[in-house]
Amino acid sequence: MEGMLDDLDRPARRRVAPWVAGGIGLVLVLFVGVLATREPAQNRLTDSNLLGDVAPPIVGTTLDEDRFDLDRLRGRWVLVNFFATWCAPCRKEHPELVSFSRRHEQAGDAVVVSVAYGDEADDVRAYFDDNGGDWPVLVGDVDGVSLDYGVAGVPESYLVDPAGFVRAKVTGGVTSSGLDGILAELRGAGP
Amino acid sequence: MTDVVAASKPAARRDRRRRGSRPARASWLAMALVLLVALGIGTFDTGGPSSPEDRAQALASTIRCPTCRSQSAADSDSPASREIRGEIRARIDAGQSDGEIRRYFSSRYGEAILLTPSSSGIAGAVWVLPVVALVLGGAGLGAAFWRWRRWAS
């Protein structure tokens, strides 16, 4: 009797199994497709304990052997960018930083400052020679700055307002237009 | 008279069983003593790391490497961990306490940077709750054993 019932069930199971397998396969294909085609997350605003606080000081020697002090840039927005020459997302965002810096240099309202993270001065110099960018780059005397800012990976950027307060932390790389959007929002929100 | 003696013998045995024999009681007492001494040493031993290097190493093992997964700054060789170890050493040399150094890192990265939670505030419950659970569990077991023994006798 049980054998007969099994025989009756079998065709029904045969009908359902391909649908289940097909459904699972379709979901997997969609999942892989979404992961493979989506843009990497950029301009991602991230929480930080520093938001609203006075920006930790950055004092050091730039790539051009000049002395640098973040406090001297009061009155302008400052994008403090932590990067490394060995970091692929940093290389990807670099042309965006060049574009952002060039436009805002003309307007005189914002500047970029880069801090090399776990890097050698010669590598950083070659990187800027190859990729452009004429903003201050710190490669020496900056031990502890990345810890002061709570940097957990590169690239990471912090927007410091004209009064010297940290207003945003951006991870995953930036785009020039994305930064403009964040700046516009912050300006709209007021200090 | 013999009846009285005969009747009192099982009662005495039961009484002895209930209270436990002398060697059994001695071993329980010894175990309790060892437990208390171990707890006392664990709680009040303040003989920390002897040298600044040892102290820096011990502190780094309580700080999470911010760029790695589930590794302490003492175990990782990432640039961030190297920087954390250097910062710890510099702050020790500057005379800061362990608490001050840990507070610096949590002020920058949040409490998640600490591998061992803080002993104050809500995080302190993490340390207190297991002890409370242990005491309550032990008391509950003791009460249950006492009741079972009473029913058995």
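FYI, it's all coordinate maths here, none of it is from the lab. A quick note: this is a predicted structure, and the numbers were derived from the prediction, not measured. Cβ coordinates were reconstructed from backbone atoms using ideal geometry, including for glycine residues, and neighbour counts include every protein chain displayed.
Peptide B:72-82 is shielded by partner chain Cβ atoms: per residue, an average of 2 of them sit within 10 Å of its Cβ. Note on region A:33-133: with charges restricted to the Cβ of Lys and Arg (+1) and Asp and Glu (-1), its dipole about the Cα centre is near 460 debye.
Rounded if a/c is under 1.5, else prolate if a/b beats b/c, else oblate: with a ≥ b ≥ c from the C-alpha gyration tensor eigenvalues square-rooted, which is region A:44-189? It is rounded, given that a/c, with a ≥ b ≥ c, falls under 1.5.
The helix-based estimate of mean residue ellipticity at 222 nm for chain A, built from -39,500 (n - 2.57) per DSSP H run of four or more residues and divided by its residue count, is -15000 deg cm²/dmol to the nearest 500. Taking amide H positions as modeled 1.01 Å from N, with prolines and chain starts lacking one, the residues under 5 Å from A:T175 and 5 or more places away or on another chain are A:N43. Here the dipole of region A:98-191 is about 540 debye; that uses its Cα centre as origin and unit charges on the Cβ of Lys and Arg (positive) and Asp and Glu (negative).
Once C-alpha pairs closer than 8 Å and six or more residues apart are averaged by separation and normalised to the residue number of region A:44-189, the relative contact order reads 38 percent.
Inter-chain neighbour count for A:144-156: the average number of beta-carbon atoms from partner chains within 10 Å of each residue's beta-carbon is 5. The GluC sites (Glu not before Pro) of region A:99-190 that DSSP puts in a loop, and whose beta carbon has at most 16 other beta carbons within 10 Å, are A:E120.
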